[in-house]
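S.K.: Once you've had a glance at the structure underneath, I'll fire off some questions.
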Amino acid sequence: MSKPFDVCIRGGGVVGRTLALLLARERLRVALVARPAPDSPAAPPVQDVRAYALNSASRQLLESLRAWPEAPAATAVKDMQVWGDDGGHLEFSAGGGTPLAWIVDVPALEQQLAEAVRYQPQIETVPAPVAAALSVVCEGKASSSRNDFGAAWTVKPYPQKALAARLQSDQPHHGLARQWFSQGEVLALLPMDGDHGNSLALVWSVPVERAAALEKMSAEEFSAALQLACGAEAGRLTLASGRSSWPLALATADRWVGPGWALAGDAAHTVHPLAGQGLNLGLGDAAELAAVLHAREYWRGLGDEKLLRRYERARKADVAAMGAVTDGLHSLFAQTDVRWQALRNWGMTGFAKSGPFKQWVTRQAMGQG
């Protein structure tokens, strides 16, 4: 007869698998509700064009689990340039040898985690939830399990969609990430395929109607629209993949924990992608929950609500702060009035000259706060 499970994790994405590996390292028996990785993975029928920006804390966490994808699947961001829509301009440089972030290919990261899970005997992949002392929901923003535990989901939808694709430039990126804020749109070009590559991941947040029009364009028309939006800074750009899109929203669950259950990652919160911090927040949840369970008193069970509240308190403030920052930036740059343009670009210029404050913000984004 098999031993009972200590923890059941609902969701086999990046956050769910990371948490499973952390808990298995604590010698806990984990049931992971996810599709098992095939013995001989075949190329997916539809290309996954997503890319994540991961900071130093996330890299260290994944490296400790031997789940960090090496180059060219992870590309260091050495510098970043940000443009406003009326002359505002910011530049960030890593300094000290530590990159600002790493742009990670999603399929490569998921495959690394799947391999690590496959060879961890404390983890068993199961097709449906099973009984356990603690259930953790990592199913993403569309989670069907939140309601099972009575967690209300508050959503502030943005009138935008994010559009993702892969691009090729006629010049190498040299590890430089670029971002434009213009007329309510946010366009980011993220370096891919190693330090000397010329591949870029596109994340373009645009009004819903414009997203629909962009998705219908031919590859040539789309490349032309993109070039018009960002100019020649990144070279001549051509579309090198299909396009995917998803609606944007600021959302959070009112309760993240209860007797015998907890939420983590996008099942607990989502933020606007303009700061590239969504997965970093989710991995922070996994790390904190594992740390809380590790440090529990010997007489407390894994599902003890007072214990789980420690995790909720530790993470809610950080997530709320990031949500406020991204929501505020979105609201500020969504304004098209020329007076707002002048104000925000004056602010960008002042921030660029702020010295220690700019350095502090940079360290926070790098996960070194």
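S.K.: Give the number of residues within segment 205-229 that are surrounded by 15 or more Cβ atoms within 10 Å (Cβ to Cβ), among the polar types (S, T, N, Q) and not in a helix (DSSP H, G or I).
M.R.: Counting residues in segment 205-229 that are surrounded by 15 or more Cβ atoms within 10 Å (Cβ to Cβ), among the polar types (S, T, N, Q) and not in a helix (DSSP H, G or I) gives 1.
S.K.: Now, a different point. Checking the condition at pLDDT below 90 and either closer than 19 Å to VAL126 by Cα or not aliphatic (A, V, I, L, M) (or both), which residue from ARG66, ARG25, ARG35, ARG59 passes?
M.R.: From the options ARG66, ARG25, ARG35, ARG59, the qualifying one is ARG35.
S.K.: State the number of residues belonging to segment 182-204 that are within 20 Å of the chain's Cα centre (by Cα) and in a loop (DSSP other than H, G, I, E, B).
M.R.: 2
S.K.: Then there's this: Of all residues in segment 184-232, which are under 11 Å from HIS173 (Cβ atoms) and in contact with a strand residue (DSSP E or B) (Cβ under 9 Å, 6 or more places away or on another chain)?
M.R.: Those that are under 11 Å from HIS173 (Cβ atoms) and in contact with a strand residue (DSSP E or B) (Cβ under 9 Å, 6 or more places away or on another chain): LEU189, LEU190, PRO191, MET192, ASP193, GLY194, ASP195, GLY197, ASN198, SER199, LEU200, ALA201.
S.K.: Within segment 244-270, track down each residue that is assigned to a loop (DSSP other than H, G, I, E, B) and surrounded by fewer than 20 Cβ atoms within 10 Å (Cβ to Cβ).
M.R.: ASP254, ARG255, PRO259, GLY260
S.K.: Could you list, in sequence order, the residues of segment 123-145 that are more than 20 Å from the chain's Cα centre (by Cα) and either buried (at least 17 other Cβ atoms within 10 Å of the Cβ) or outside any loop (DSSP other than H, G, I, E, B) (or both)?
M.R.: ILE123, GLU124, THR125, VAL126, ALA132, ALA133, LEU134, SER135, SER145
S.K.: Could you check how many residues of segment 69-98 are at pLDDT 85 or above, part of a loop (DSSP other than H, G, I, E, B) and crowded, with 19+ Cβ neighbours inside 10 Å?
M.R.: 3
S.K.: Sticking with this structure for a sec: Can you tell me which condition GLY323 does not meet? The list is (1) modelled with pLDDT under 75; (2) within 21 Å of TRP180 (Cα to Cα); (3) surrounded by 15 or more Cβ atoms within 10 Å (Cβ to Cβ), and all the others hold.
M.R.: (1)
S.K.: Right, here's the next one. Provide a single number: the residues in segment 170-211 that are of a type in the set (S, T, N, Q) and free of Cβ contacts under 8 Å to residues at least 60 places away in the same chain.
M.R.: 2
S.K.: Something else: Of GLN179, GLN168, which residue is outside any loop (DSSP other than H, G, I, E, B), surrounded by 19 or more Cβ atoms within 10 Å (Cβ to Cβ), of a type in the set (S, T, N, Q) and on the phi < 0 side of the Ramachandran plot?
M.R.: The match here is GLN179.
The values are calculated or read from the model by the stated rules, or taken from the named source; none is laboratory data. Note that this is a predicted model, so its numbers are computed, not measured. Glycine also receives a Cβ, built like all others from the backbone with ideal geometry; neighbour counts cover every protein chain displayed.
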